[in-house]
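Below is one structure, written out as structure tokens; the observations come after it.
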Amino acid sequence: MSDFLEGYTFKTLRPGDIVKGKVIKVSDEGIIANIDYKSDAFVPKNELSLNPNFDVKKTFNVEDELNLYIISVENDEGNVLASKVMADDKLSREKIEKAYKNEEIIEGEVIEVVKGGVIAYSLGAKVFIPASQLELHYVDKLNEYLGKTLRLRIIEYIPGKKIVGSQKEVLKLEREKVKKALLSNLKEGDIVEGKVKNIIDKGAFVDIGGFDGFIPLSEISWERIKNPREVLGIGDKVSVYILNVDEKKEKITLSLRKVLPDPWENAETKYHEGDVLKGTVTNITPFGVFVQLEPGIEGLIHKNDLENSIKTYKINDTIKVEILNINQQDKKINLKEVPLEEEDIPEIEHQELRITLGEIFNKNF
């Protein structure tokens, strides 16, 4: 036999090696594969799958190519004993470790919901994804992720013990890319579409395509408002004007009023010195009272031009004023108060008071 094999060269094979094998025979007990060695490799059923109930003949076919882990170079029958399960496990651990070290983005299908998160199958291994690492926002309906394929980064890896993945880290990375692209491409004067994401007393945050810009309260309306919620609601779609882009601080300041008609554009043609009209008190200061003539246009009545003491005026009071002068460039109108005439005072209607005890109790209880 040794004379017959002389002149033939075979690759060296050792236990622990992983080799490629091509299936040449399939039986209920397992498969036999050609591994380009002097002996074929036998892979018993229990080394083909971790599922003890799987059907070998339905799962594998002649000519299938497999990765095989060499258990022993020669068994009792003279064949090489090999394992697909061990090969998959070893290759999987190598891939996972490489993905972890290189911070690679991998894909995994969610196969199970567990306490505190989900399990995804990726690179031949089970990866735990905590609920806090599924999205940028809070997630409570974990069952909705079953069967979904997620993009993940391995954030914790202890060989043989723990593999923790995160889709949140991938989403954060993508958001940063979008942010940098927006900051470098947008410029003052651009008008973009956005969606109101959050509202605070000082203004509103608007998502303008993956990045949140801020509209200060003073830039929401030409009219004086006290709260952004008077004009905006969460989820509103708006066109906004780019006021400022600060790449270093990663901030974009927006304006809503600049995409709306400026009521001051034709103020000098609409209002004239000597005009007498009614207005609404919008602000009271020690030096005078501000009166709104129309949304976005206010004038000032100096305290010396008021009919009464400043202390007697209240916000939303309706008063009669005369225009003293207009400065459209500086957006200023000086006014003086004109006494209300009898016809200016609304008549109070006297109505008969008819309230039953039942109505009182219904109102209070």
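Quick check: net charge around Pro286, other residues with Cβ under 13 Å of its Cβ, Lys/Arg +1 and Asp/Glu -1?
Cβ neighbours under 13 Å give a net charge of +2.
How far is helix 84-102 tilted, in degrees, relative to the longest principal axis of the Cα atoms in the chain, given as a value from 0 to 90 rounded to the nearest 10?
40 degrees
Where the convex hull is taken over the Cα atoms of segment 187-259, what is its projected area averaged over directions, in nm²? Don't skip to the answer; put the middle values down first.
Values: hull surface 17.5 nm².
The number I arrive at for segment 187-259 is 4.4 nm².
Which net charge results when you count Lys and Arg as +1 and Asp and Glu as -1 among the other residues whose beta-carbon is under 13 Å from that of Asn227? Write out the running numbers ahead of the final one.
Details: positive: Lys202, Arg224, Lys226, Arg229; negative: Asp201, Glu223, Glu230.
Here the count lands on +1.
So for the chain, averaging the separation of alpha carbon pairs under 8 Å that are six or more residues apart and normalising by length, what relative contact order in percent results?
8 percent
Select from segment 104-211 those trypsin sites (Lys or Arg not before Pro) which occupy a DSSP coil region and have at most 10 other Cβ atoms within 10 Å, ordered by residue number.
For trypsin sites (Lys or Arg not before Pro) across segment 104-211 that sit outside H, G, I, E and B with at most 10 neighbouring Cβ atoms in 10 Å, the list reads Lys115, Lys141, Lys161, Lys187.
Before I look further, what does the chain give for accessible area per residue, probe 1.4 Å, in whole square angstrom?
Each residue of the chain exposes 64 Å² on average to a 1.4 Å probe.
Counting DSSP beta bridges with both partners in the chain, what percentage is antiparallel, nearest 5?
Approximately 95 percent, going by the DSSP bridge assignments.
Identify, among Gly288, Ser255, Phe60, the residue whose Cα sits farthest towards the positive end of the charge dipole of the chain, taking +1 on the Cβ of Lys and Arg and -1 on the Cβ of Asp and Glu, with the dipole about the Cα centre.
About the Cα centre, the residue reaching furthest to the positive side is Phe60.
Computed over the Cα atoms, what is the radius of gyration of the chain divided by 2.2 N^0.38 Å, N being its residue count? All intermediate terms of the calculation are to be shown ahead of the outcome.
On the way: Rg = 38.9 Å, N = 365, 2.2 N^0.38 = 20.7 Å.
In units of the 2.2 N^0.38 Å rule of thumb, it is 1.88.
Loop only per DSSP, at most 13 neighbouring Cβ atoms within 10 Å: give me the chymotrypsin sites (Phe, Trp or Tyr not before Pro) in segment 114-163, ordered by residue number.
Hits after loop and neighbour filter: Tyr138.
Can you quote the Å³ per residue value for the convex hull of the Cα atoms in segment 55-190, rounded to an integer? Numbers along the way, then the final one.
Working: hull volume 26.8 nm³, N = 136.
Dividing the Cα hull volume of segment 55-190 by its residues yields 197 Å³.
Could you list the GluC sites (Glu not before Pro) in segment 145-237 that lie in coil according to DSSP, counting only those with at most 14 other Cβ atoms within 10 Å of their Cβ? Mind showing how you got there, number by number?
On the way: sites: Glu156, Glu169, Glu174, Glu176, Glu188, Glu193, Glu219, Glu223, Glu230; in loops: Glu188, Glu223.
Answer by residue number: Glu188.
In segment 19-88, how many lysine pairs have Cα atoms under 14 Å apart, counting only pairs 8 or more places apart or on different chains? Don't jump to the answer; show the numbers that get you there.
Details: Lys20/Lys84; Lys22/Lys84; Lys25/Lys45; Lys25/Lys57; Lys25/Lys58; Lys45/Lys57; Lys45/Lys58; Lys45/Lys84.
Here the count comes out as 8.
Rg and Dmax of segment 265-337, using alpha carbons, in Å: what are they?
Rg then Dmax for segment 265-337, in Å: 11.4, 34.
In debye, nearest 20, what is the charge dipole magnitude of segment 86-182 about its Cα centre with +1 on Lys and Arg Cβ and -1 on Asp and Glu Cβ, if you could check? Don't skip to the end; give the middle numbers.
Working: 19 positive and 16 negative charges, 57 e Å.
Computed charge dipole of segment 86-182: roughly 280 debye.
Kindly write out, for segment 131-145 in residue order, the coupling ³J(HN,Hα) from the Karplus curve 6.51 cos²θ - 1.76 cosθ + 1.60 (θ = phi - 60°), rounded to whole Hz, with x marking Gly and Pro.
Rounded to whole hertz, the list is 4, 6, 10, 7, 9, 6, 10, 5, 10, 10, 9, 5, 4, 5, 8.
Take the cross-link list Lys177/Lys202; Lys101/Lys180; Lys161/Lys249 and give me the ones stretching past 31 Å between alpha-carbons.
Lys161/Lys249
The values are calculated or read from the model by the stated rules, or taken from the named source; none is laboratory data. Just so it is clear, the structure is predicted and the values come from calculations on it, not from any experiment. Every residue, glycine among them, receives a Cβ derived from its backbone with ideal geometry; neighbour counts consider all protein chains shown. Heavy atoms of the whole protein, side chains included, go into the accessibility calculation; ligands, DNA and RNA do not. Shrake-Rupley method; radii C 1.70, N 1.55, O 1.52, S 1.80 Å.
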